[in-house]
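Novice: One structure follows; several queries about it will come next.
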Amino acid sequence: MSQSDKINTPQTVTKTTGRVIRPVAVSRARQNSFARRTFFGFTLLPVFLILIVTIALLVRSWPILNAYPLSDLLFGDVWKPTDGQFGFRPFILGTFWVTVVGVVLSVPPCLLASIYLAEYAHARLRSIAKPVLDLLAAIPPVVYGVWGLLAIVPFVDKVLAPLSDRWLGSVSIFAVNQPTGFGILAAGLVLAVMIAPLIISVMYEIFSTVPNDLRHASLAVGATQWQTIRNIVLPQVAPGILAAIVLGASRALGETIAVLMVVGNIPQIPTSIFDSAYPLPALIANNYGEMMSIPLYDAALLSAALVLLVVILIFNILSIIILQRMMRQKWAS
Amino acid sequence: MDAHIQVKNLNVYYGKQQALKDVNIEIPKNQITVIMGPSGCGKTTLLKTFNRFLELSDGTQLTGEVLVDGQNIYGREVDVTEVRKVVGLLAQRPSPLPMSIYDNVAYGMHIHKMKKDRKEYKDAVRHYLEIAGLWEEVHKRLHDPATSLSIGQQQRLCLARGLAVEPVIILGDEPTSALDPISSQNIESRLLDLKQQYTTVIVTHTLRQAKRLADYVIYMYLGEVIEAAPAHEVFTNPQHERTKQYLEGLF
Amino acid sequence: MGFLMKKHWQRRHLMEAFMKFIMRVSLVIVAGALGLILWIVIVRGLPALSWAMVTKIPEGGYYMGKGGGILNAILGSLYLASGGTLLAMIFSVPIAMYLKTYLGDSKWGHYVRLSLDVLWGIPSIVYGAFGFTLMIALGMRASLLAGIVILALIELPIMTRAMDEVIRRMPVDLEHAALALGSTKFEVALRVVTRQMLPGITTAILLGLGRGIGDAASVLFTAGYTDRIPTSLMRPTASLPLAVFFQLGSPYPEVQQRGYAAALILTIIVLVVSLGSRWLSARLNKYTIK
């Protein structure tokens, strides 16, 4: 590509036309360079958009960042905007728990399913799996929320909570303190299904970066397929697997509506996966735009959005850089 | 002739396309058999049926039998990994595993848990690197990544790795086509050294190499075996017109 | 001399069988989740689904169980999504073309793709909050226009990357042939690439539409909600996801029922769009050089 770039810049076009200036050629060259500049402007848009969103949120949350030390905001336990107390800790912990539970539940089956699709499945199964994953990815968050409300919350309430109460009740993170079904586990289960298509398709792509020659080399000495995967394929793709997990986590971090519908929305510091929680996105969605008369309230909510954005940006950039690098190696080889 | 591999009524299809047509051949024990023919004639396909590598690609179908020491490797009860242990493969391009030189050679032995302790593994690695003619060059850097070797060395490493699981048959799928002349010669002389102990089957597209290596020749054309006979007979007095044309055409 | 090639069950074979088994189970779990979602939405949504739901706007007392439907939300979502997709198209087509013809796999190409992927990962609630601050700064109120702009931002990276992935697979030879015939790069972009891009563009449009119809968190602040069908870009508008969300929050069982029905309508629309994009791109791919 870059080669052709050099060959066909507008300069060369004018040069080849020589002294006899042909107006058509010149205008075409001009059209080309104009188009290039315009297109380039468009292309900068995504880069700037990230900056603009970040800066806008930073500017709007500046009043509260100025008024309180960052540590008070991030680690403060009390959320009482009317009293001027803006502690994000319950919300940050809520986000953290919901995300961790979602990722922990999602990753093992996703990893196994993607290994199966990449290493064992026949072409036919693959061609069925792809549209199924696409459908799963296309279902809107609010529908996941409805599903969570109708299926997952009762399931947690009627099945998982009693079971856990019976067998694991003495372990604090499995204790059932608020038996409603709404809470971290329900949100985690919904998230686990929501992020599954993304994780599976990224992992599947990653597995396909391993050259078949390596698999064949291992199979040729009589290794079983699982031995080949375990010893050869998995070590090769480990960074990509990690990146896929981080990408899934960042998707879970920002999920709003579906989580909000099943998580209970009680601002407390959770101690068990059966507790209700109040993640940051739910906080923003439930409160933003209302009670704007309370001083700093609006800035507080936007700083919550900023915190969320920064964490997600870091997660995203790291994982995408790793994934892009692995994909490039595939194209290169 | 003491046949080591017997192929009976073998047909292979890629989807609807037939790649091998009713192949019936016998491959002699402890000799080098060379499969040759124009590209696309099914040489590699035939070779891949000997270690059941064909089934790795989607949509291939196979009928007929391949007997190794009288046992059909496509039989119902047969363990495919055991087949591949007995029938080693030297691939077209050297494919060192992403690990150290030492671990490459030890890989198959570990997979099959063939040795008892570290010392036994160590001795075996040395032994097979010596057989592959690589020991002198690498004994000081056994724990370097295998990819740090030159292409020619990598192919000898792959040979050592294949021999380490104690196969009785070695398959070579144009094993020198990616190598420089000197490395090719090196591999060829290894194969000649080893032919007393192993039955060797090589696919090649160069007639010169076939002439240098072959004790027995199989000539294929469009998925069919045209001629299969001892090398001196085929090269001096080919029975079939097509073989004759092929031999002349390349000179 | 016989070789023992009979399968004797070693640990590794047991392991192989076990891993294969749990992998299949995992796959069934994932597929089962999809089935379960569709099943639940259909079973709970179907009873409340009626002709009135899709042809009427909410009448007085609708939110207490009286008559009416959610035509306002259905139309609102279609307006929002198609407006957003159209706006995103205007920007994403040139970006995808520029990526292909000028940047290719260069360093800048990677930066732009990276930033698109990162944009893709920003949650819609953040876009929503951003949009709302923007609206305050401009003195705008919640409106169809604001919703469209924010949805366009959300759809932009998705659509651009979808197009990019499709045209990336376009053979370089074709492009070089056009260049060799004396075309400028812009002409190449316009003629050759656009033709090749057609499947990419259709896929992108349908992906964008699907995402735009389903997104709730972003339109919550920007588009607002109303019982009327929007008549102007500056008026607020209802949307299907929010119709589901608000109705589920109601204490009246009849209204909740209609929330489920709204979820079913939303699911049907999104699935039709998603399946349609598969079908279309499969058809269009036949006519392009691979």
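The values are calculated or read from the model by the stated rules, or taken from the named source; none is laboratory data. As the structure is a computational prediction, the values presented were derived from the model and not from experiment. Cβ coordinates were reconstructed from backbone atoms using ideal geometry, including for glycine residues, and neighbour counts include every protein chain displayed. In case anyone asks, the SASA skips ligands and DNA or RNA and just uses the protein heavy atoms, side chains included. Shrake-Rupley method; radii C 1.70, N 1.55, O 1.52, S 1.80 Å.
Novice: Can you list the HN-Hα couplings for the range B:42-58, worked out from phi with the Karplus curve (6.51, -1.76, 1.60; θ = phi - 60°), rounded to whole Hz and with x for Gly and Pro?
Specialist: x, 4, 5, 4, 4, 4, 5, 6, 6, 10, 6, 7, 4, 6, 6, 9, 5
Novice: If every alpha-carbon in the range B:149-251 counts as one equal scatterer, what log10 I(q)/I(0) does Debye give at q = 0.15, 0.16, 0.24 1/Å?
Specialist: Log10 of I(q)/I(0), two decimals: -0.68, -0.76, -1.33.
Novice: Now a separate question. What Kirkwood hydrodynamic radius do you get for the range A:131-198 when you take the inverse of the mean 1/r over all pairs of distinct Cα atoms, in Å?
Specialist: Radius from the Kirkwood sum: 12.9 Å.
Novice: Here's another thing I want to ask about it. What accessible area per residue comes out for the protein assembly as shown, rounded to a whole number of Å², with a 1.4 Å probe?
Specialist: Dividing the accessible area of the protein assembly as shown by its residue count gives 44 Å².
Novice: What is the calculated FRET efficiency for residue B:21 to residue B:215, with r their C-beta to C-beta distance and R₀ = 25 Å, to the nearest 0.05?
Specialist: 0.50
Novice: May I ask for the distance between the Cα centers of the range A:180-223 and the range A:256-291, given as a whole number of Å?
Specialist: Cα centroid to Cα centroid, the span is 29 Å.
Novice: Between C:86, C:34, C:119, find the one with the highest GNM mean-square fluctuation for chain C; connect C-alpha pairs within less than 10 Å.
Specialist: The residue that fluctuates most here is C:34.
Novice: Now for a different question. For the range C:232-256 and the range B:159-194, compute the distance between their C-alpha centroids and round to whole Å.
Specialist: For the range C:232-256 versus the range B:159-194, the Cα centre distance is 72 Å.
Novice: Now for a different question. Applying a 10 Å radius around every beta-carbon, put C:145-157, A:302-314, A:236-248 in order of their mean neighbour count, most first.
Specialist: Top to bottom by mean Cβ count within 10 Å: C:145-157, A:302-314, A:236-248.
Novice: Just the Cα atoms of the range A:73-332, one point each, no solvent: what log10 I(q)/I(0) does Debye give at q = 0.13, 0.18 Å⁻¹?
Specialist: So the normalised log intensities are -0.90, -1.32.
Novice: So what's the range B:3-249 giving for Rg/Rh, alpha carbon basis, Kirkwood Rh from the mean inverse pair distance?
Specialist: For the range B:3-249, the value is 0.98.
Novice: By the scheme Lys and Arg +1, Asp and Glu -1, what is the net charge of all other residues having a beta-carbon under 13 Å from that of residue A:94?
Specialist: My count for the surroundings of residue A:94 gives -2.
Novice: Evaluate the protein assembly as shown: find the radius of gyration of its Cα atoms, find its Kirkwood radius, and give the ratio Rg to Rh.
Specialist: That ratio equals 1.05.
Novice: I would also like to ask the following. Suppose we keep just the alpha-carbon trace of the range A:228-333; what are its Rg and Dmax in angstrom?
Specialist: Considering the range A:228-333 through its Cα atoms, Rg and Dmax are 18.9, 63 Å.
Novice: Share of Cα-Cα pairs in the range A:168-300 beyond 18 Å, in percent?
Specialist: Value for the range A:168-300 (Cα pairs over 18 Å): 68 percent.
Novice: Follow-up question, since we're still on this one. Which of A:256, A:209, A:95 moves the most in a Gaussian network model of chain A with Cα springs under 10 Å?
Specialist: In the Gaussian network model the winner is A:209.
Novice: Roughly how much accessible area, to the nearest 100 Å², goes out of reach of solvent when C and B pair up, both sides summed, probe 1.4 Å?
Specialist: Approximately 1200 Å² gets buried when C meets B.
Novice: Going by average Cβ neighbours within 10 Å, how do the peptides A:55-66, A:185-196 rank, with the highest at the top?
Specialist: Ranking, from highest mean packing down: A:185-196, A:55-66.
Novice: Give the average, rounded to an integer, of partner chain Cβ atoms located within 10 angstrom of each Cβ in B:77-87.
Specialist: Other-chain Cβ atoms within 10 Å of each residue's Cβ, averaged: 6.
Novice: For the range B:16-64, run through the trypsin sites (Lys or Arg not before Pro) and keep only the ones in DSSP coil with at most 10 other Cβ atoms within 10 Å of their Cβ.
Specialist: B:16
Novice: Okay, next question. Just counting partner chain Cβ atoms within 10 Å, what average do the residues of peptide B:164-171 show around their Cβ?
Specialist: Going residue by residue through B:164-171 and averaging, the value is 1.
Novice: Longer than 32 Å from Cα to Cα, which of A:80/C:56; C:20/C:107; B:21/B:195; A:130/B:48; B:48/B:113; B:8/B:113 are they? Say none if no pair is.
Specialist: A:80/C:56; C:20/C:107; B:8/B:113, as the Cα separations exceed 32 Å there.
Novice: Most fluctuating residue of C:199, C:94, C:251 in a GNM of chain C with Cα springs under 10 Å: which is it?
Specialist: Comparing C:199, C:94, C:251 in a Gaussian network model of chain C, the most mobile one is C:251.
Novice: Averaged over its residues, how many other protein chain Cβ atoms are within 10 Å of peptide A:224-237's Cβ atoms?
Specialist: For peptide A:224-237, the averaged partner shielding equals 4.
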